[in-house]
Amino acid sequence: MKHEDYDVVQYKDGRPIKMWTKGVPVEEEAKQQLANTSRLPFIYKHIAVMPDVHLGKGSTIGSVIPTLGAVIPAAVGVDIGCGMMAAKTTLFAHDLPDNLGPLRTAIEKAIPHGMSPKTRSFKGRDKGSWESPPSAVDNAWAELKDGFDEICLKTPRLKNTNNYRHLGTLGSGNHFVEVCLDEANAVWFMLHSGSRGVGNAIGSHFIELAKQDMRTHFINLPDQDLAYLPEGTQHYKDYIEAVGWAQKFARMNREVMMLNLIAAVRTVISKPFETHIEAVNCHHNYVQKEHHFGKDVLVTRKGAVSARAGELGIIPGSMGAKSFIVRGKGNEESFHSCSHGAGRTMSRTAAKKLYTVADQIAATEGVECRKDANVIDEIPMAYKDIDAVMLAQTALVDVVHVLKQVVCVKG
DNA sequence: ATGTCC
């Protein structure tokens, strides 16, 4: 069936799959995952597929999964509440120094980044978490602490995770902090991170519980990672509480980093400036209760952003590509959603095999960022063409600003 | 993505 803005696929015994992927390649394995997910008995109406769709764990990244009466912890994943924050400043390109090196160094000093293993062998190079957290962290943790004590009553092992020490820290992988310029040369700050160690522990714990429950009740699934928790059970209740807390942690994590990022920039640029002229803080990996087609349902956005009418969102490109600040059109067929990025075309291992440091240097020309062997998996060529991805979702969002990074800090 | 005490 053909529509103006999306295609519909329906597999035997499955709910429809509505795909905003016109002009964008979709892997066969991703289609198989979508077929599996669409056959779950508690999918509400249909699955909405964003143009950045690609293979994920259990279900595809770049999809919107509305459910009635159950939740799939592995669909939300382990980086619960992962998302983006961006803030426009009163600075312009000409206010930035010619040499951006010191600016990058100041940001790297102000925001802990990279992994933070707790094992003895890594002692002394624990750069990913706070040694002595600044006041912004204490203030934010004061708002999170009571909720954390509550979820620890049910899941005591969360007490042993990095939680307070990880608030306001970046992490690793595709998490980043950037200084960008928009189409009018205004300076923006932008960052990408989630709920760090504690969110990971919550995700892993409930993914395992769901798998156990499936075995206990002899429920067979095409993929273990589609294991679900039925509404009405204690595990479902506990998960909804814990995942909600992790999402709050992730949002505040980004806010704390933004504050420390601004303070770091002020140490390098003496000219006074204001921030949050426009500001967005959005999850792209989360689950929440929403109202759609007249019903209260759970909506899991696995690599997708909420795009209610007028709502602002962020669609980042890859390391050397443009990013977009978008405004939602409130498209109900997509459960008011849009893509969360360009989407990978190859795995991280494949990218590292195919490309060299020289390729990475060429692809990130003009950006003050790391260009070593450890970031080759983030090379722009390992991602889909962001312009094609944007074109495929014109019915979902309008572009408000186009951003290009000049400084990028990676974990 | 995290952390190597599941």
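Taking C-beta distances below 4.7 angstrom as the pairing criterion, name the unpartnered cysteines of chain A, in sequence order.
A:C82, A:C152, A:C180, A:C282, A:C338
Might you tell me the accessible area per residue for chain A, computed with a 1.4 Å probe and given in Å²?
Ligands and nucleic acids excluded, the result is 42 Å² per residue.
Counting only the heavy atoms of the protein chains, how much of A:R251 is accessible to a 1.4 Å probe, in Å² to the nearest 10?
That residue has around 90 Å² of solvent-accessible surface.
With an 8 Å Cα cut-off and a minimum separation of 6 or more residues, compute the relative contact order for chain A in percent.
Values: 928 pairs, mean separation 97.2, N = 411.
Normalised by residue count, the contact order of chain A is 24 percent.
Can you check what the net charge comes to around A:T364, using other residues whose Cβ is under 14 Å from the Cβ of A:T364 (Lys, Arg +1; Asp, Glu -1)? Numbers along the way, then the final one.
Numbers: positive: A:R104, A:K322, A:R370, A:K371, A:K404, A:K410; negative: A:E178, A:D359, A:E365, A:E368, A:D372, A:D377, A:E378.
Once all neighbours under 14 Å are counted, the net charge is -1.
Let me have the relative contact order for the stretch A:126-200, percent, based on Cα pairs under 8 Å that are six or more residues apart.
Details: 64 pairs, mean separation 22.9, N = 75.
Answer for the stretch A:126-200 is 30 percent.
List the relative contact order of the stretch A:286-411 as a percent without decimals, with contacts defined as Cα pairs under 8 Å and 6+ residues apart. Let's see the in-between values first.
Working: 234 pairs, mean separation 36.2, N = 126.
RCO, the stretch A:286-411: 29 percent.
Once you order the gyration tensor axes a ≥ b ≥ c over the Cα atoms, which shape class does chain A get: rounded for a/c under 1.5, otherwise prolate or oblate by comparing a/b with b/c?
Details: a/c = 1.67, a/b = 1.25, b/c = 1.33.
It comes out oblate by the Cα gyration axes.
When the accessible area of chain A is computed with all protein chains present and a 1.4 Å probe, what percentage of it is carbon and sulfur?
Numbers: 9120 of 17110 Å².
On chain A, the fraction of accessible area on carbon and sulfur atoms equals 53 percent.
The values are calculated or read from the model by the stated rules, or taken from the named source; none is laboratory data. Everything numeric in this text was worked out from a predicted model, so none of it was measured. Don't worry about glycine lacking a Cβ; one is built from the backbone with ideal geometry, like all the others, and counts go over all protein chains shown. Quick note on the areas: whole protein, heavy atoms, side chains included, nothing else; ligands and nucleic acids left out. Shrake-Rupley method; radii C 1.70, N 1.55, O 1.52, S 1.80 Å.
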